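Undergrad: Shown below is the structure under consideration.
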Amino acid sequence: MASVYNWQLGREMTYRFDQAAPERQFVAIFNINRCIACQTCTMACKSTWTFSAGQEDMWWNNVETKPYGGYPQHWDVKTLELLERANPGGQTWGGAPAAEAPYGVYGGRTIFEAASLGQQAVGYLPSDEEWGSPNIHEDSPVAKAALSDGVSLPEHRTWFFYLQRICNHCAYPACLSACPRNAIYKRPEDGIVLIDQARCRGYRKCVEQCPYKKSMYRPDSRTSEKCIACYPRVEGSDPITEGRPMETRCMAVCPGQIRLQGLVEVAPDGTWVQAPDNPLYYLIREEPMAMPLYPQFGTSPNVYYIPPRWVPRQYLRQMFGPGVDDAVAAYERPSRRAQAVLQLFRVTQSIIFSFEVVEGPKVAEINVGGRPLEIFDDTVVGYGKDGEEVVRVNVREPQYERPAQYLNTI
Amino acid sequence: MHQWSRAESTRSRVRGPAALFVVVTAGVLIGVLGIAPLRSQLVTLEAARTTAPVPADDPWSGVWDGAPAREVPLSVQNLVPPFGGGVVDGVVVRALFDDERIYLSLEWSDPAAEAEVNATEAFSDAAALQFPAIPGSTPPYTMGSEDEPVNIWQWKAVWQHDIDEGFATSATRYPDTYADVYPNADDPLFNPAGYVGNPLAQRTHASSVENLVAAGFGTLTSAAIQDVEGSGEWRDGTWRVVFGRPLQAAADGLAGFTPGSSTQVAFAVWDGGSGDRNGLKSIAQFIQLDVGPVVAPPPPEPPDDTVVAAPAGDTETEIPWVVIAVVLAALLPVLAMVIAASRAGRGSAR
């Protein structure tokens, strides 16, 4: 077993392979607060990649309702339980946040460290029943308690939220380490994790050991398949991109404008190269406002979430790590710069490699948590791979007033 | 594109005295007590010459009644992750040959036949034979090595099922599954594994046995030439599988068999019902396979124009394990004293 640095855990951890960081890493941020679970992302992915026989229950992108929903059912609590069984009561965090340990230090065991002799990681193989009914019963309320007084901030007593999930294209993929045939690889140019369909023999060790359950078995090809991060778009080889790196299908279609996706530069030691003018780097590392999903699994996932601000913090800390309190605070009272960067979500299909904020006038002062928050109509400019401008938006969205003579007309 | 390199294998941290202890123990076990840790290596399977036709499509054919049988114990695979298997604890092996072909038969107990892989949790029964790919080589039984590759014949119950009853899809298992439409259903591009020629994704097979080559863990690859025939049939709790192939290898890198000489064969059995696949399997090490009675090679004649006495280093000698064990055991107290003295020396230097 080799030792690699996992900055999300603030420490070294064991992994099957030596450190081999990609030059750039595919990274996305999903703003849970804005999601309406319309499943447009889900259907965009489905209609692009998984519409064939044997893929009926295969959803590379899915949106599930927490705390009870899951695709496959109970995927997260089952893996959490495996960690807990291997190391009872030990999944705790400690230490103060530091430069390359922004959430402190994880003192528990990762899925790799909890594995028994002869296995690469703890995991389980979900049944067809667990894959087969995404979202079933998720909209059924099960309690009336606290309906009248349950929805006041900072924590709702009656609550739910939507969790949007794709493959995390992890820095230390469990699927990749699980494959006895080395049929899974991580691309050096963008960190996208792919299953070589020529080498896969359908052993399903990747399905078993991916803690996020984003490797899926296709019975009709007898191989496992997974999210490919729409790599022809990301690399700009899809004709529609005209050579310019483009966000994935699920990102580009989001009506709620909750998604932002791009690439961050990675150093050979696995840490991120400082890039405060990269919108992803800015929100994840500078603010920090976006948190990894179950960082304690140890795979260093690369989809980050702006956590839902109404959800009990204890639940959020388990799901997003100890940095979640600061993340909620940063989102509730966004800094002037963050107010601008948040406008970049889903306003262009082009990948934004850097941004610039042009200051504008103060346009409002609102009350957040008993304190005033100033709103400025700054302009944020997004730049593409070669520094060309790809988008320009203002903090204040443009407003149009329908003239009186057109009222009640189409 | 593959940027991950295999991590260096964990280096042994066993220090001198411990290593010596292991050597001595092994010497005593092997030499004095006669216990070989690799017991199955002592077994020899002799293929019997037959004049009767051996049907490759009938593993229960009576022609096998006359073939000598050997029982080979199988054990759990715990050499390389993922560990697993061990449910099938033994296999009965038989071998026949004629002027053209060699045949091997495997028989093992399995209360249920698993021959479908059309659900996430469904795995197929299977059995495999492994031979040295280079004649006369003795590759590690752990799927060979770069220098000494192996040739593997794997029979799959699922391929047998495909041939006998047709390719079972997810729709076979879940006939009520509904989809509005399958766009581009006839376009092979949307079955990527099949499109790139992955043999596992093909809908038809000429044989239920796949011919494979390997040169170490993780290197298993379908061979360019698929000339191993065979079949398997499950009857009342027992699988019988027959393999057949021409004696002569069709290409370099594939096993060859010469009547009157020996090679090696190793075995693996997978129980799909126990989740066996890949390294999760019951395995046996190489045993000797004699293709008929082995004719002893004539003693080498010394070349005419050289000195008759060969240099000592050129001849292989039997290692007298008993002698080694006794000598090493005698050396142990001496070594212990040396170590104690060296430790004491270091202690006083601090």
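Undergrad: With a 1.4 Å probe, how much accessible area is buried between chains A and B, both sides summed, in Å² to the nearest hundred?
TA: Result for this pair: about 4500 Å² buried.
Undergrad: So for segment B:40-291, taking the charge dipole from beta-carbon charges (+1 Lys/Arg, -1 Asp/Glu), which of B:T138, B:N191, B:A119 sits furthest toward the positive end?
TA: Positive-most Cα among the choices belongs to B:T138.
Undergrad: In segment B:144-228, which GluC sites (Glu not before Pro) are in a loop and have at most 13 other Cβ atoms within 10 Å, using DSSP for the loop call?
TA: B:E146
Undergrad: Taking R0 as 30 Å, what's the FRET efficiency between A:H137 and A:D238 from their Cβ-Cβ distance, rounded to 0.05?
TA: My answer for the efficiency is 0.20.
Undergrad: Treat each spin label as a single point 7 Å out from the Cα along the C-beta direction, and report the A:A20 to A:E365 distance in nm.
TA: If labels sit at A:A20 and A:E365, their model points lie 5.8 nm apart.
Undergrad: Please name the residues of segment A:48-92 whose accessible area, counted over protein heavy atoms with a 1.4 angstrom probe, falls by no less than 40 Å² between the chain alone and the full protein assembly.
TA: SASA drop of 40 Å² or more in segment A:48-92: A:F51, A:E56.
Undergrad: I'd like to check one number: the per residue accessible area of the protein assembly as shown, probe 1.4 Å, reported in Å² as a whole number.
TA: 46 Å²
Undergrad: Quick one: dipole size for segment A:2-338, taken about the Cα centre, charges +1 on Lys/Arg Cβ and -1 on Asp/Glu Cβ, in debye to the nearest 20.
TA: 200 debye
Undergrad: If DNA, RNA and ligands are ignored and the probe is 1.4 Å, what is the ranking of A:R396, A:R249 by accessible area, most exposed first?
TA: Accessible-area ranking of A:R396, A:R249, largest first: A:R396, A:R249.
Undergrad: May I ask you to give the percent of accessible area on the protein assembly as shown that is carbon plus sulfur, with a probe radius of 1.4 Å?
TA: About 55 percent, which is the carbon plus sulfur part of the accessible surface.
Undergrad: Sorted from largest down, what three extents in whole angstroms do the Cα atoms of chain A have along their principal axes?
TA: 71, 53, 46
Undergrad: Run the dipole for segment A:48-153 about the Cα centre, Lys and Arg Cβ at +1, Asp and Glu Cβ at -1, nothing else charged, and hand back the magnitude in debye, nearest 20.
TA: Dipole size: approximately 360 debye.
Undergrad: I need the phi-derived Karplus couplings for segment B:108-121: 6.51 cos²θ - 1.76 cosθ + 1.60, θ = phi - 60°, integer Hz, Gly and Pro marked x.
TA: Calculated HN-Hα couplings, in order: 8, 7, 8, x, 9, 8, 10, 10, 10, 10, 9, 8, 4, 9 Hz.
Undergrad: Past 30 Å, Cα to Cα, is the threshold; run A:K66/A:K362; A:K186/A:K385; A:K78/A:K226; A:K66/B:K281; A:K214/B:K156 against it and keep the listed order.
TA: Correct reply: A:K66/A:K362; A:K66/B:K281.
Undergrad: Further, regarding this structure: A:M43 versus B:D58, label points 7 Å from Cα toward the beta carbon: distance in nm?
TA: Spacing of the two 7 Å Cα→Cβ label points: 5.9 nm.
Undergrad: Taking beta carbons within 10 Å but only from partner chains, what does the mean come to for residues B:183-195?
TA: 5
Undergrad: Give me a comma-separated list of calculated 3J(HN,Hα) values for segment B:88-103, in order, Karplus coefficients 6.51, -1.76, 1.60 applied at θ = phi - 60°, integers in Hz, x for any Gly or Pro.
TA: 3J(HN,Hα) across segment B:88-103, in whole Hz: 8, 9, x, 9, 9, 10, 9, 9, 9, 8, 10, 5, 10, 10, 10, 10.
Undergrad: Would you be so kind as to identify which of A:T248, A:V122, A:G387 lies farthest towards the positive end of the dipole of chain A, taking Lys and Arg as +1 and Asp and Glu as -1 on Cβ and the Cα centre as origin?
TA: Ranked along the dipole, the leading option is A:V122.
Undergrad: Please compute the contact order of segment B:40-291 in relative form: average sequence separation of alpha-carbon pairs under 8 Å and at least six residues apart, divided by the residue count, as a percent.
TA: 31 percent
Undergrad: Set the Förster radius R0 to 60 Å, insert the Cβ-Cβ distance between B:A296 and A:I36 as r into 1/(1 + (r/R0)^6), and round the FRET efficiency to 0.05.
TA: 0.15
Undergrad: At 0.36 nm per residue, and after removing the present C-alpha to C-alpha distance, how many nm does the segment from B:D252 to B:E100 gain when stretched out fully?
TA: Gain on extension, B:D252 to B:E100, equals 52.9 nm.
Undergrad: Put B:W153, B:W270 in order of accessible area, largest first, 1.4 Å probe: what do you get?
TA: Reading off the accessible areas and sorting them downward yields B:W270, B:W153.
Undergrad: Okay, next question. Tell me the relative contact order for segment A:2-338 as a rounded percent, counting alpha carbon contacts under 8 Å between residues six or more apart.
TA: Relative contact order here is 27 percent.
Undergrad: Indicate, rounded to the nearest 5 percent, the antiparallel portion of the DSSP beta bridges found entirely in the protein assembly as shown.
TA: Taking every DSSP beta bridge within the protein assembly as shown, about 90 percent pair in antiparallel fashion.
Undergrad: In addition: Can you list the residues of segment A:37-63 with backbone N under 12 Å from a point 7 Å past the Cα of B:D187, pointing along Cα to Cβ?
TA: Inside the label zone: A:48-52.
Undergrad: Go through B:A67, A:P67, A:G94 and say which Cα lies farthest out towards the positive end of the charge dipole of the protein assembly as shown; charges sit on Cβ, +1 for Lys and Arg, -1 for Asp and Glu.
TA: In the protein assembly as shown, that residue is A:G94.
Undergrad: Given H placed on each backbone N at 1.01 Å, which residues far from A:V391 in sequence or on other chains put an amide H within less than 5 Å of it?
TA: Correct list: A:G382.
Undergrad: Determine the calculated [θ] at 222 nm for the protein assembly as shown from helices alone, applying -39500 (n - 2.57) to every DSSP H run no shorter than 4 residues and normalising by the residue count; nearest 500 deg cm²/dmol.
TA: My calculation for the protein assembly as shown gives -4500 deg cm²/dmol from helical runs alone.
Undergrad: Let me cross-check B:D147: its accessible surface, 1.4 Å probe, with only protein heavy atoms counted, in Å² to the nearest 10?
TA: 130 Å²
Undergrad: As a test question: what accessible area, to the nearest 10 Å², does A:V253 have when a 1.4 Å probe is rolled over all protein chains in place?
TA: 40 Å²
Undergrad: Something else now. Give the long-range amide H neighbours of A:Y103: residues separated by 5 or more places, or on another chain, with amide H under 5 Å away, using H modelled in the peptide plane at 1.01 Å from N.
TA: Residues meeting the amide H criterion: A:A98.
Undergrad: Give me the residues in segment A:1-30 whose solvent-accessible area, probe 1.4 Å, is reduced by at least 40 Å² once all protein chains are included instead of the chain isolated.
TA: A:F17, A:D18, A:A20
Undergrad: Using a loss threshold of 40 Å², tell me which positions in segment A:189-225 are less accessible in the complex than in their chain alone. Probe radius 1.4 Å, ligands and nucleic acids ignored.
TA: A:Q197, A:A198, A:R201, A:Y203, A:R204, A:K205, A:Y217, A:P219, A:D220, A:S221, A:R222
Undergrad: Once you charge only the Cβ atoms, +1 for Lys and Arg and -1 for Asp and Glu, what is the size of the charge dipole of the protein assembly as shown about its Cα centre, to the nearest 20 debye?
TA: Around 2800 debye, computed over the protein assembly as shown.
The values are calculated or read from the model by the stated rules, or taken from the named source; none is laboratory data. This structure is a prediction, so every number in the text was calculated from the model and none was measured. Don't worry about glycine lacking a Cβ; one is built from the backbone with ideal geometry, like all the others, and counts go over all protein chains shown. These accessible areas exclude ligands, DNA and RNA; they are computed on the full protein's heavy atoms, side chains included. Shrake-Rupley method; radii C 1.70, N 1.55, O 1.52, S 1.80 Å.
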